[in-house]
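Reading through the structure tokens given below for one structure.
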There are 2 protein chains.
Amino acid sequence: MSTTNYQKHHCPIAQALAELGDQWTLLIVRDALIAGPRRFNEFQESLGISRNLLTLRLAQLCASGILERVPITDTKRHAYAPTQKCRDLQIVILAMAEWGEKWRTDPDIHHLEILEKSTGRPVTVQYIQTEDGKIVDPDNIEVVRHGISNEP
Amino acid sequence: MSTTNYQKHHCPIAQALAELGDQWTLLIVRDALIAGPRRFNEFQESLGISRNLLTLRLAQLCASGILERVPITDTKRHAYAPTQKCRDLQIVILAMAEWGEKWRTDPDIHHLEILEKSTGRPVTVQYIQTEDGKIVDPDNIEVVRHGISNEP
DNA sequence: TTATAGAGTTCAAAAATTGAACTAAATGGG
DNA sequence: CCCATTTAGTTCAATTTTTGAACTCTATAA
């Protein structure tokens, strides 16, 4: 997670990727979101990440407030729980999952169904108009950058 | 972009991250999406990535059909243009941008405004019900994994 | 109380990334 | 058409990351 280069572009995407854009961070976040509070060894076994790097990544995720060390009741052990900042990443990760399914190469890929908890109805990630909540076609999107010289 | 470990989880998120999850790939994609067809040196100067690694990443992105080498008219030079697979990543990247702005640490961060091209109206990335297009609260989302043993 | 599981730490080897210099083809100006 | 410059890379040593395996030091369980 080198902060060397694209950190300095004052771009929210570059900022996000400075925090999330390495090999493992988003997978750790996925694990934390989908499996709930998880412990060191659970992450390690589920991901196959090397243990010293996991130590480092968990520390960084805690430092940036994406995960939180929480005690496990009745023990002196602890787990890593997703914070609100982490839960706010769920839509990013699910948008990525939808992309991964649409453009899959592995035919055995798992299907992730996104449901509304209260009704069980299927849900997708889409562009919607802020004012009236109407769905907007992805090809009909334009991005305007404010406070900018010439770069993304 | 090591295909070593999390590739083998048949998870669409892991699949997506195997294609996108290194330091530079999503920044290259962002550049290609926001700035349109771009040339080698433009990527290099905008990102500050080392040239040999850029060569490698562009080759991988072309190989996986996210970018396409297109000739520039009236010259023998070429640029790298986003494909549909790349344009389908825009929602992922903009979801990430919204997260980056919400949780920004850099106060000088640029604001990205997402607009509907045809009307100029503001747009956000949201969960919506597939059936009736109604917006769903992010805290009211549940993910069900199909075809799965025990891992994400 | 003793064995085992959990949560790391240590450190050498391997892999990825950088940075700087080097090429060869394409283009532009005179 | 010729020469200088730009473009799009390539090469390679030095640095930085990541891995993998073994080790340590509590907790917990029997």
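Residues that are at pLDDT 95 or above and within 11 Å of DNA strand D (Cβ to nearest atom) were ranked within the range A:1-31; the one that is most open to solvent (accessible area, probe 1.4 Å) is A:24. Quick check: is even one residue across the range A:104-116 more than 15 Å from residue B:15 (Cα to Cα), assigned to a helix (DSSP H, G or I) and either away from DNA strand D (no atom under 16 Å from the Cβ) or basic (Lys, Arg) (or both)? Scanning the range A:104-116, I find no residue that is more than 15 Å from residue B:15 (Cα to Cα), assigned to a helix (DSSP H, G or I) and either away from DNA strand D (no atom under 16 Å from the Cβ) or basic (Lys, Arg) (or both), so the answer is no.
Look at (1) within 22 Å of residue B:103 (Cβ to Cβ); (2) open to solvent by 30 Å² or more (accessible area, probe 1.4 Å); (3) not in a helix (DSSP H, G or I) and you find that residue A:62 fails only one, number (3).
Within the range B:71-91, residues that are under 25 Å from residue A:101 (Cβ atoms) reach partners that are surrounded by fewer than 16 Cβ atoms within 10 Å (Cβ to Cβ) with beta carbons closer than 6 Å, at six or more positions or on different chains, in the pairs B:81/B:70; B:83/B:65; B:85/B:65.
Please enumerate the residues belonging to the range B:97-118 that are without any contact (Cβ under 8 Å) to a residue 12 or more places away in the chain and open to solvent by less than 80 Å² (accessible area, probe 1.4 Å).
Step one: filter the range B:97-118 for residues without any contact (Cβ under 8 Å) to a residue 12 or more places away in the chain, giving B:99-111, B:113, B:115-118.
The answer is B:99, B:100, B:101, B:103, B:106, B:109, B:110, B:113, B:115, B:116.
Kindly indicate whether residue B:56 is within 9 Å of DNA strand D (Cβ to nearest atom), within 16 Å of residue B:20 (Cα to Cα) and in a helix (DSSP H, G or I). Spell out the reasoning first.
Working: within 9 Å of DNA strand D (Cβ to nearest atom): yes; within 16 Å of residue B:20 (Cα to Cα): yes; in a helix (DSSP H, G or I): yes.
Taking the combined requirement at face value, the residue satisfies it.
Of everything in the range B:65-84 that is open to solvent by less than 50 Å² (accessible area, probe 1.4 Å) and either small (Gly, Ala, Ser) or part of a helix (DSSP H, G or I) (or both), the residue that is farthest from DNA strand D (Cβ to nearest atom) is B:65. Pairs meeting the criteria (first residue in the range A:36-49 and away from chain B (no Cβ under 11 Å) and open to solvent by less than 50 Å² (accessible area, probe 1.4 Å), second residue among the polar types (S, T, N, Q) and not in a helix (DSSP H, G or I), beta carbons under 9 Å, at least 6 apart or on different chains) are A:44/A:50.
Whether any residue in the range B:109-118 is more than 7 Å from chain A (Cβ to nearest Cβ) and either farther than 29 Å from residue A:63 by Cβ or within 23 Å of the chain's Cα centre (by Cα) (or both) is what I want to check. Explain how you work it out, then say what you get.
First pass over the range B:109-118, keeping only residues more than 7 Å from chain A (Cβ to nearest Cβ): none.
No.
Scan the range B:127-142 and tell me whether some residue there is over 23 Å from residue A:140 (Cβ atoms), within 7 Å of chain A (Cβ to nearest Cβ), open to solvent by 40 Å² or more (accessible area, probe 1.4 Å) and not in a strand (DSSP E or B). Looking through the range B:127-142, at least one residue is over 23 Å from residue A:140 (Cβ atoms), within 7 Å of chain A (Cβ to nearest Cβ), open to solvent by 40 Å² or more (accessible area, probe 1.4 Å) and not in a strand (DSSP E or B).
The values are calculated or read from the model by the stated rules, or taken from the named source; none is laboratory data. All values derive from a computational prediction rather than experimental measurement. Cβ: placed from backbone, ideal geometry, glycine included. Neighbour counts: every protein chain shown. Note: areas computed on protein heavy atoms with side chains; ligands, DNA, RNA excluded. Shrake-Rupley method; radii C 1.70, N 1.55, O 1.52, S 1.80 Å.
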